[in-house]
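A.B. asks: I have a structure here, written as structure tokens, and I will follow up with some questions on it.
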Amino acid sequence: MPTELDVFDLDAVPPPMPLEPFPITWGGKRFVLAHLQGLDAWELTEAAIGGDITAMTGSLRVALGDQYAEFRALGLPQYKVRPLWQAWIDHCKPPTPDPDEDPGDA
């Protein structure tokens, strides 16, 4: 049993990178997707139960928040889904360490 000194302080865990939002335009309107790493893990887990497509659309729903209904009402051709998803994922990836940089320098 952990003692009070052994308690893991989840509140103190910092994000792995700045959680910058990802702005996009669609249908002449501006939308902002929250950073993937900052989304509620429980909502993403529930969306993933339905498989890859449900996880993808569920993630976009959570990331758009209050903007989702307006975004959804515009429709979205299938050929635009993967490029949107890939651009958002690329935006949310942690930076790749420079192979010439010593990890101890950080």
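A.B. asks: So in the range 17-38, with the set limited to residues that are at pLDDT 95 or above and in a loop (DSSP other than H, G, I, E, B), which one is surrounded by the fewest Cβ atoms within 10 Å (Cβ to Cβ)?
C.D. replies: The residue in question is Gly28.
A.B. asks: Does Leu84 fit the bill of being among the aliphatic types (A, V, I, L, M) and more than 30 Å from Pro97 (Cβ to Cβ)?
C.D. replies: Spelling it out, it is not the case that Leu84 is among the aliphatic types (A, V, I, L, M) and more than 30 Å from Pro97 (Cβ to Cβ).
A.B. asks: Filter the range 41-94 for residues that are outside any helix (DSSP H, G or I) and without any contact (Cβ under 8 Å) to a residue 60 or more places away in the chain; which is surrounded by the fewest Cβ atoms within 10 Å (Cβ to Cβ)?
C.D. replies: Pro77
A.B. asks: Let me ask something else about it. Pick from Pro14, Pro97: which is part of a loop (DSSP other than H, G, I, E, B), more than 15 Å from the chain's Cα centre (by Cα), without any contact (Cβ under 8 Å) to a residue 24 or more places away in the chain and surrounded by 10 or more Cβ atoms within 10 Å (Cβ to Cβ)?
C.D. replies: Pro97
A.B. asks: When the residues of the range 78-106 are narrowed to those that are hydrophobic (A, V, I, L, M, F, W, C) and closer than 17 Å to Pro15 by Cα, which ends up modelled with the lowest pLDDT?
C.D. replies: By that ranking, first place goes to Ala106.
The values are calculated or read from the model by the stated rules, or taken from the named source; none is laboratory data. If you're wondering where the values come from, they're calculated on a predicted model, not measured in any experiment. For neighbour counting, all protein chains shown are included, and Cβ atoms are generated from backbone atoms with ideal geometry for every residue, glycine included.
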